[in-house]
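The values are calculated or read from the model by the stated rules, or taken from the named source; none is laboratory data. Treat the numbers as computed from the prediction; the structure is a model and nothing was measured. With ligands, DNA and RNA removed, areas are computed over all heavy atoms of the protein, side chains included. Shrake-Rupley method; radii C 1.70, N 1.55, O 1.52, S 1.80 Å.
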Amino acid sequence: IRLAGTDYGMRGPRWISRFSDAARQAERYREGRVLLAGDAAHIHFPAGGQGLNVGVQDAVNLGWKLASVVHGHAPESLLDSYQAERHPVAERVLHNTRAQAALARPGPQTDALRDVFSSLLVFDDVNRYLGSMLTGLGVRYPVGDASGHPLTGRRVPDADLKTPAGATRVYELLHAARPVLLDLRGNPEVAAAVAGWADRVHLVEARSEDDHWSVPERGGIPAPTALLIRPDGHVAWATADGAPDATALRTALADWFGPARQG
């Protein structure tokens, strides 16, 4: 009433919360058997609605790794990759929400900064960059694949596929929350390489309906011939060559899903 001359009829609130531009992040996401995720690991100004996405992705990243270790498929050291992958993501979110909080402050200097920033938004490259950053679609994990394929570490695109069972999409193959080795050329070396992980990795032979796949921040790239997809939807290994590097594929399988089954 003091500020606006009216209370706008708002009375008897059922829930009141407050927030500020406080930004905090835990130094370590893992300390022995204690693991932090979501708001326990990071808090920030709620600009762009990024907090829920970051927290859910923490849980998705950690969940399949915990399951793999608990079931004895992978060594406990796999859990260390959670910190390596997710800490930089939240750090980037804190960085951009601090910038957004600064842009929201009053004053002629900030007005000028907003004008300059707004003028940059007319450029498509700027919009693509900011869009991939705010949605988290631009996240690329350091998965250690030496092939340098543009898909490795990134979230796999939801491409249209044709399988012997009919038409489907990449994301339909991930519903079981198991690793998927997608062979798009029917190469026998791919099937032979994954044989030792048949109890953990789902091999799918299919054909891509598109010659190019769209990747955030990269645009269109040639469709891969084979790729290994983690349960969280990120690519652990990929190739565009006719004859895939079976040794590199087995290395990726062992790194992320434990040693091959003997016998």
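Some values worked out for this structure:
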| quantity | calculated |
| --- | --- |
| Per residue solvent-accessible surface (Å²) - the range 180-234, probe of 1.4 Å | 39 |
| Cα convex hull of the range 4-73 - mean projected area over all directions, nm² | 7.7 |
| Accessible area (Å², per residue) of the range 115-171, counting only protein heavy atoms and a probe of 1.4 Å | 58 |
| Long-range tail of P(r) for the range 189-263 (Cα pairs > 22 Å, %) | 25 |
| Ratio Rg/Rh, restricted to the chain and using Cα atoms, in which Rh is the Kirkwood radius | 1.06 |
| q = 0.15, 0.18, 0.28 Å⁻¹: log10 I(q)/I(0) that the Debye formula gives for the range 79-146, counting C-alpha atoms only | -0.64, -0.81, -1.23 |
| Backbone HN-Hα couplings from phi across the range 21-37 [Karplus 6.51/-1.76/1.60, Hz, Gly and Pro as x] | 9, 4, 10, 9, 8, 5, 5, 10, 8, 9, 9, x, 8, 9, 10, 9, 8 |
| HN-Hα J in Hz across the range 130-146 - Karplus 6.51, -1.76, 1.60, θ = phi - 60°, x for Gly and Pro | 5, x, 5, 6, 6, 7, x, 6, x, 5, 9, 7, x, 7, x, 7, 6 |
| Structure-based [θ]222 nm, the chain - -39500 (n - 2.57) summed over DSSP H runs of at least 4, per residue, nearest 500 | -11000 deg cm²/dmol |
| Whole-Hz ³J(HN,Hα) from phi, Karplus 6.51 cos²θ - 1.76 cosθ + 1.60, for the range 218-224, glycine and proline x | 10, x, x, 10, x, 4, x |
| Cα-only Debye scattering, the range 34-134: base-10 log of I(q)/I(0) at q = 0.17, 0.20 Å⁻¹ | -0.84, -1.01 |
| Accessible heavy-atom area order of Phe123, Phe117, highest first, probe of 1.4 Å | Phe123, Phe117 |
| Gyration tensor (Cα) of the range 127-195, equivalent ellipsoid semi-axes in angstrom | 26, 17, 11 |
| Cα-only Debye scattering, the range 99-250: base-10 log of I(q)/I(0) at q = 0.10, 0.19, 0.20, 0.21 Å⁻¹ | -0.45, -1.14, -1.25, -1.36 |
| Distance between the range 69-125 and the range 197-263 - C-alpha centres, whole angstrom | 28 |
